Amino acid sequence: MGFSGDIGRAQARAPLRCPRPDIRLALESAHRLDRQAPGLSARQTFSPGQRATVTGLLKLLGVMALLVPELPGLLIMLLVPPVFVAIILFRLFLLAVALRLNREDPQDDGAATPLLPVYTVLVALKDETAVVPQLAQALSALDYPQDRIDLKLLVEEADVRTQTAVRAQSWPNGAELLIVPAGQPQTKPRALNYGLDSARGTYVVVYDAEDRPHPSQLKSAVRAFNAHSTELACVQAPLVGVPAKGGWLARQWAQEYAIQFSLLVPALARLGLPVALGGTSNHFRRTSLVAAGGWDAWNVTEDADLGLRLARLGHRVGAIRSPTLEAPPERGRDWRAQRSRWLKGYMQTWCVLMRGDGEIPGLAPAAFLSVQMTLGAAILSAMVHGPWAVWCAACLCLPGLSLGVFGLSALCLSLFTGVVSASVAPGRWNRHRVFVILTLPLYWPLQTLAMVRALWSLSRTPHYWAKTPHI
């Protein structure tokens, strides 16, 4: 699968500019948000207040469990069913909204071309020599005036091989290779902040090295921004997983993306609810992005964190239809490393959201509940899937054990919701898709394996960025 465009057209290219690295700016990129609003940064996982609250609750539960041994089981029976039902019903509600949107909303690619301002494109690269040629081809194919693309290619100082690969390619006129000086934390958001400081565009988009954005995506984003007030600070393009080898794990990953970015994100955006952004193909008004403090260099899912911070500041996130193609991880160890980073970042983001220290307003009640039903549910389900699968298997194999009425109902409802979500997601129907849908219950417990690694990493190396290799 790919996009057609003017990829092969010959264009005169100006030499790739490479300004001198700025150590002061690199330091500012790492610490800007942490210094301006430390309560909004994940540099510290738990605030002192959160530590005290968690410690107090654990002590209270321990004392109550000693006095009333039946209490933990009773609390589980009282709390788990309504939470589970609420999460399932909210997911089904979002799916219904998404299906209605798909029937009502026309494609935006054929609309009239708006006035096109300068557009900054930020691409952070680390150990990406293999995909640099594809990236150059994809960005050169963008249907946007080349002289209005402000391209910043951000490469770590020690990554000489990627720097060499970047210099060997042809890029749109005015492109810059920005060498990010060594420093901590060595994360993608730190590099993005470094590029944002010299951005000239009215709008800013983030792409990953392996991305293949639709040629019309920048124009689609401009049309979306022009159609709304400045309250719309960001629009998310759908991310489409295209497995290179067609392995089972990669197909499951691609199916997740189809559900998340083609169904759930557009539904949340239409309802005006907070959106935990994807790590790529999110387009920003530069003024809104700068006013929000840019990206948190200490959060390993800076995208999700920024989406929720924009909501707290009163901004909205929209969705457009022009997709970006991505290659899912094919190998189990690559999937596990990426997923554990995501889950670690989700926990960092959730902890920041729950501080409520008054630096910026909290979310409105409906928005707050929506985050708990999406981001909170993703964290909770990753913790529960593995033990729940083991318990279900034990009940099926061992005499004397039973799921009970609630357990059996929960199992059926989970399977129903998963199958419905995967079935209504966009994509071609074939035997591979049917097999992926039928084997969903085997994929879910893998989340728990990633969560174990995420919890360990959060406690030992909270800001370590597990890099996903692209071949």
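If each DSSP helix of 4+ residues adds -39,500 (n - 2.57) and the sum is divided by the residues in the chain, what number results at 222 nm, nearest 500 deg cm²/dmol?
Details: 18 runs with 238 residues, N = 471.
Theoretical 222 nm ellipticity from helices: -16000 deg cm²/dmol.
What list do you get for T187, T230, T301, T202 if you sort them by fewest beta carbons within 10 Å? Mind dumping the intermediate values first?
On the way: T187 22, T230 10, T301 26, T202 17.
Least to most surrounded, the residues fall as T230, T202, T187, T301.
Can you order the peptides 436-444, 367-375 by their average number of other Cβ atoms within 10 Å per residue, highest first?
367-375, 436-444
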inquiry  = For the pairs K245/K467; K152/K467; K152/K245; K59/K344, flag any whose C-alpha to C-alpha distance is greater than 29 Å.
reply    = K152/K245
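Roughly what % of DSSP beta bridges within the chain run antiparallel, to the nearest 5?
Details: 8 of 33 bridges.
Beta bridges within the chain, antiparallel portion: roughly 25 percent.
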remark   = Taking Cα atoms only, Rg over Rh for region 391-460 with Rh from the Kirkwood formula is 1.08
key: Projected-area average for region 302-389 over all orientations - Cα convex hull basis, square nanometres   = 7.7 nm²
key: Virtual spin-label span in nm between V405 and A227, 7 Å along Cα→Cβ   = 4.8 nm
inquiry  = Could you sort the peptides 156-164, 273-281 by per-residue average Cβ neighbour count (10 Å cutoff), highest mean leading?
reply    = 273-281, 156-164
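For region 173-251, rounded, prolate or oblate, judged on the Cα gyration tensor with a ≥ b ≥ c (square roots of eigenvalues), a/c < 1.5 rounded, else prolate if a/b > b/c? Before the final figure, lay out the partial values.
On the way: a/c = 1.92, a/b = 1.06, b/c = 1.81.
Verdict is oblate for region 173-251.
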task = Let me know the volume per residue of the alpha-carbon convex hull for region 314-471, in Å³.
result = 192 Å³
message = Given region 252-325, report the % of alpha carbon pairs whose separation exceeds 16 Å.
response = 49 percent
ask   = Helices from the chain with mean Kyte-Doolittle at least -1.0 and a Cα length along the axis of 24 Å or more, per DSSP H: which?
value = 48-67, 71-104, 332-353, 377-397, 404-424
query = Per residue and in Å³, how big is the convex hull formed by the alpha-carbon atoms of the chain?
reply = 153 Å³
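Let me make sure I get this right: for region 77-194, a, b and c are the square roots of the gyration tensor eigenvalues over alpha carbons, sorted descending. Under 1.5 in a/c it's rounded, otherwise prolate if a/b > b/c, else oblate. Which is it? It would help to have the intermediate numbers written out before the result.
Numbers: a/c = 3.12, a/b = 1.50, b/c = 2.08.
Oblate shape, in that a/c is at least 1.5 and b/c is the bigger or equal ratio.
Values in this text are rule-based calculations from the coordinates and carry no lab data. All values derive from a computational prediction rather than experimental measurement. Counting neighbours? That spans all protein chains shown, and the Cβs are built from the backbone with ideal geometry, glycine included.
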